[in-house]
Amino acid sequence: MIGPEAAWEATFPEARSSIRAFADDGCLKVPSVLDRETCGCAAQWLDGASSGAGTRQALSFPWMTPIVQAVRRHPSIAGLLPPGAVAVQCTLFRKSIGHNWLVAMHQDLSIPVREHVAAGGLRGWSKKEGAWFVQAPQDVLEAMVAVRLHLDDCGPADGPLRVIAGSHRQGIIPRAVPLGDYGAMRECIAVTGDAWVMRPLLLHASSRAGGSSARRVLHLLFGPPELPLGLRWRETV
């Protein structure tokens, strides 16, 4: 029996190089995942539904379901997702001159879960926007994939994501390790409708925005349908 990535390569031979590049780098730019009309409608709805810098709970918005389905079916993305992948979180980022911040180099280690579980070895419990988060086991993190959908252009002046390609292959990296040991940074530039697919364990950061873009991003997180240790996803699509 062949694995899911091999099966996808057989169905879509043009996806082979993308799958290999994603395995090596832990990130991949996929152009034109959403059309400009969809991006404009989503951005307008988001601006009416959420203020400030964004929210971690955009997955609950009713219009997110068709977007999740479109991403999951996209021929350049589907083969990168874990088998039976479900969307488990969507974070809206809205970075501009008016809503501005910088993010130090880090890995995304926390996942949203339904309740606190008294299982040995789990750590990093916290509550954000009323929801429980916990540091996921490394094997869960290694199976997960994030898809960043750009609703606006994001150029070098707009505080784009910066990543260290290949750093996801090092597992969970201790904070004490000098980040310069893991290679040069790459800027994740995009135009409206583009997506960046990335592994949560990829080292990444961003600087403050200085340009004119609203830089609205939907950061979708996909994971396996079931979790170990009695954990349950907070919500899924």
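The values are calculated or read from the model by the stated rules, or taken from the named source; none is laboratory data. Only a predicted model underlies this, so the values are computations on that prediction, with no experimental measurement involved. With ideal geometry, Cβ positions are generated from the backbone for all residues, glycine too; neighbour counts draw on all protein chains shown. Ligands, DNA and RNA are excluded from the accessible area calculation, which covers all protein heavy atoms including side chains. Shrake-Rupley method; radii C 1.70, N 1.55, O 1.52, S 1.80 Å.
Sort out which residues of segment 57-97 are out of contact with any Lys or Arg (no Cβ under 6 Å at 6 or more places or on another chain) and among the basic types (K, R), and write them in order of number.
R72, R73 - these are the residues of segment 57-97 that are out of contact with any Lys or Arg (no Cβ under 6 Å at 6 or more places or on another chain) and among the basic types (K, R).
β-branched (V, I, T), modelled with pLDDT under 95 and surrounded by fewer than 21 Cβ atoms within 10 Å (Cβ to Cβ): which single residue out of V177, V140, V191 fits that description?
V177
Of all the strands (runs of 3 or more DSSP E) wholly in segment 183-224, which have at least 1 residues that are touching a Leu at 6+ places or on another chain (Cβ under 6 Å)?
195-198, 204-206, 216-223
If you check every pair at least six apart or on different chains, which have Cβ atoms under 8 Å apart with a residue in segment 90-114 that is without any contact (Cβ under 8 Å) to a residue 60 or more places away in the chain first and a residue that is of a type outside the set (D, E) and part of a loop (DSSP other than H, G, I, E, B) second?
Pairs that qualify, where the first residue is without any contact (Cβ under 8 Å) to a residue 60 or more places away in the chain and the partner is of a type outside the set (D, E) and part of a loop (DSSP other than H, G, I, E, B), are H99/G52; H99/A53; S110/G124; S110/A136.
Do you know which residues across segment 1-52 are in contact with a Lys or Arg (Cβ under 9 Å, 6 or more places away or on another chain), over 29 Å from Q170 (Cα atoms), open to solvent by less than 70 Å² (accessible area, probe 1.4 Å) and modelled with pLDDT of 75 or more?
Result: C39, A42, A43, L46.
Is it true that P174 is part of a loop (DSSP other than H, G, I, E, B) and in contact with a helix residue (DSSP H, G or I) (Cβ under 7 Å, 6 or more places away or on another chain)? Give the derivation first.
On the way: part of a loop (DSSP other than H, G, I, E, B): yes; in contact with a helix residue (DSSP H, G or I) (Cβ under 7 Å, 6 or more places away or on another chain): no.
No; evaluated as a whole, the condition is false for this residue.
When segment 142-171 is examined, which residues are found to be touching a helix residue (DSSP H, G or I) at 6+ places or on another chain (Cβ under 9 Å), hydrophobic (A, V, I, L, M, F, W, C) and not in a loop (DSSP other than H, G, I, E, B)?
Scanning segment 142-171 gives V145, V147, L149, V163, I164.
Within segment 13-44, track down each residue that is at positive phi and without any contact (Cβ under 8 Å) to a residue 12 or more places away in the chain.
Step one: of segment 13-44, the residues at positive phi are 26, 32.
Across segment 13-44, there are no qualifying residues.
Looking at segment 77-107 only, could you name the residues that are outside any strand (DSSP E or B), open to solvent by less than 50 Å² (accessible area, probe 1.4 Å) and touching a Pro at 6+ places or on another chain (Cβ under 9 Å)?
Answer for segment 77-107, where residues must be outside any strand (DSSP E or B), open to solvent by less than 50 Å² (accessible area, probe 1.4 Å) and touching a Pro at 6+ places or on another chain (Cβ under 9 Å): G79, L81, P82, A85, Q107.
In segment 222-237, how many residues are open to solvent by 20 Å² or more (accessible area, probe 1.4 Å), of a type outside the set (K, R) and in contact (Cβ under 8 Å) with a residue 12 or more places away in the chain?
9
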